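Working notes, structure below.
Derivation of every value follows stated rules applied to the coordinates shown; laboratory data play no part. As the structure is a prediction and not an experimental result, all values here were calculated from the model. Cβ atoms come from the backbone with ideal geometry, glycine included; neighbour counts cover every protein chain shown.
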Amino acid sequence: MTAVGIDALEIWTGKLKLDLPGTFAPQKGEDPEKYTKGLGLNASSFPDAHEDIVTMGANAAKRLMERKGLAPDDIGRIDVATESAFDNSKPVSTYIAGCLEQVYDGDFHHANKGERKFACIAGTQSLDDAYNWIKAGRNRDRAALVIATDTALYARGDPGEATQGAGAVAMLVDEDPDLVELSTEQGYGSADETDFLKPNQQFPSVDGKRSMQVYLARMREAVEDFESISDPTHPEDFAYIPFHTPFPGMVRKAGLLGYRHMIRNTPIEESLAEEIGLQPREDDYADREAYEEAIREHMDELKSTDEYREWYGEVIEPTLAISREVGNWYTGSVHIARAAALKSAAESGRDLAGERLLVGSYGSGAQAEIHAETVADDWAEEIDELNVDEQIDERYDLSFAEYEKVHDRHNHDKTIDIEDFTVPEEEFVFTGWGRMNERTYEYVE
Ligand code: COA
């Protein structure tokens, strides 16, 4: 059977940076360690005045096409995943194709374009759509371009303001992929939830604490559903477990829950029993409340064990390196977690070919998906091409007053003209509005 998966990816971060412990926390009268230790964030990326979801997505896609030597005729499908769209009818993928057509000979008239929406899980759903399209044999030897692009902005003063971010991930889905092969093994946890939504409004209505509980509940269901068609998951089965990362502190909770689940009824649970006892079993408790209290105490002890800390340090921690510096990219978040993990392996000279990843995606509203991937032979060459560290280092460091202006500039209800903080070079930029209120773009040499 032909292998299908991610052949290559490129990342484009918003070109501005808000230092969370250094600039944001003091203005809010908060302890900087809430960010560095609690949420696990050093900074958030923001779009410059000339950037938006289209420019970031098009710039990531152009880098990807250039690097892989692709022409429009090689792409049969362009899917954009976003929860920051500015149009309820015309999909962002048409704008991005229009940008790319400014710089390439040929066009994308033959390409099927769409836009996927299900909060942060839409990027993974678009990968699934591309996989299915190729597996069904409808791709006519063409590859799919999947772009996850978002400006994750919250209303000023909302608790979510602590976990903002902006950036895009472009992924090429193809046969015989160089990066990771997707598998048919998937599990879902999906329910009608009201944790985070944008009912025809730009900034989210969010119940942050509830969204964290829903994330964990749906993720647990997805693991159980996954295990119904695979072997039971075990901590040693996966080189890395990239999770959707709205902020690293969320993944700290998901990792602990996942580990507790994976070691249950295994020799690892038995070997830890001397130190912290066996995991509480519900049947041994008089009521649910007593059981949940016992679970909380056990998890507190579990997270301090050497076994857990070592596993977390190897399998989870490396997935968080990019997220710590850029914040929440919504649909792109789980994909920068995968990229961070592979980058960490490449930097330490680890040979990952043939090893497996377990990928945990989540979107509020709410749905989690767990799927397995196998790292392909040429993964290291692909990952070496990323310049995300340079992009992160080159961002303009905003003062708090500048941050407020940038936030206003990207607020759809305000009309604020501000100067660019960075000089655009060899990239697509937003230029204004056209006759039907469409957004317009051009390529700057
Ligand atoms: N030192 C160390 N840790 C600290 C700290 C300090 N000085 N101050 C706070 N913390 C810890 C808190 O204990 C908490 O960690 P915990 O959850 O493990 O207990 C963490 O930092 C966040 O602090 P908290 O007071 O809960 O922050 P908040 O009220 O600003 O809310 C969110 C945080 C994530 C709920 C909020 O930013 C939000 O709504 N974000 C958007 C929604 C979202 O991303 N949801 C995730 C699922 S998709």
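Summary of values
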read-out	value
Theoretical FRET efficiency, 1/(1+(r/R0)^6), r = Cβ-Cβ of D237 and T184, R0 30 Å, to 0.05	0.95
D (Stokes-Einstein, µm²/s), Kirkwood Cα radius, the stretch 233-329, 0.890 mPa s at 25 °C	170 µm²/s
Fewest-first sequence of I383, I418, I53 by Cβ atoms within 10 Å of each Cβ	I418, I383, I53
Label point 7 Å beyond Cα of K135 along Cβ direction - residues of the stretch 143-174 with amide nitrogen under 17 Å	144, 173-174
Computed over the chain: relative contact order in percent, which uses C-alpha pairs under 8 Å that are six or more apart	25 percent
Most fluctuating residue given options V206, V92, V54, as computed from a GNM of the chain linking Cα atoms under 10 Å	V206
Karplus-derived HN-Hα couplings along the stretch 335-350 (A = 6.51, B = -1.76, C = 1.60, θ = phi - 60°), whole Hz, x at Gly and Pro	7, 6, 5, 4, 4, 4, 5, 5, 5, 4, 5, 5, 5, 9, x, 6
Separation of the E33 and L197 label points, Cα + 7 Å toward Cβ, nm	3.9 nm
Cα-Cα P(r), the stretch 4-444, percent of pairs per 10 Å interval	4, 22, 32, 26, 12, 4, 1, 0
Using alpha-carbon coordinates, inclination of helix 53-67 to the longest axis of the chain, degrees	90 degrees
Within a Gaussian network of the chain (alpha carbon springs, distance under 10 Å), most fluctuating of T245, T184, T266	T266
E185 long-range amide H proximity, modeled H, under 5 Å	A372
Nearest-ten-degree value, helix 208-227 long axis tilted from longest Cα axis of the chain	70 degrees
Given the chain, longest segment not containing exposed loop trypsin sites (Lys or Arg not before Pro) (DSSP; at most 11 other Cβ within 10 Å)	141-280
Label point 7 Å beyond Cα of D105 along Cβ direction - residues of the stretch 56-78 with amide nitrogen under 15 Å	70-74
For the stretch 353-366, Karplus couplings with θ = phi - 60° (6.51, -1.76, 1.60), whole Hz, Gly/Pro x	3, x, 7, 10, 10, 10, 10, x, 9, 8, x, 5, x, 7
Per-residue HN-Hα couplings for the stretch 74-83 [Karplus 6.51, -1.76, 1.60; θ = phi - 60°; Hz; x = Gly/Pro]	7, 10, x, 7, 10, 10, 10, 9, 7, 10
Difference of contour (0.36 nm per residue) and Cα-Cα distance, E301 to D158	48.2 nm
Per DSSP, loop GluC sites (Glu not before Pro) in the stretch 333-429 with at most 15 further Cβ within 10 Å	E385, E419, E425, E426
Residues D74 and M1, FRET efficiency given R0 of 25 Å [Cβ-Cβ distance, rounded to 0.05]	0.65
20 Å reach of a label modelled at S89, 7 Å along Cα-to-Cβ, counting backbone N of the stretch 404-441	433-441
Candidates D207, D397, D48: whichever shows maximal mean-square fluctuation once the chain is modelled as a Gaussian network with Cα springs under 10 Å	D207
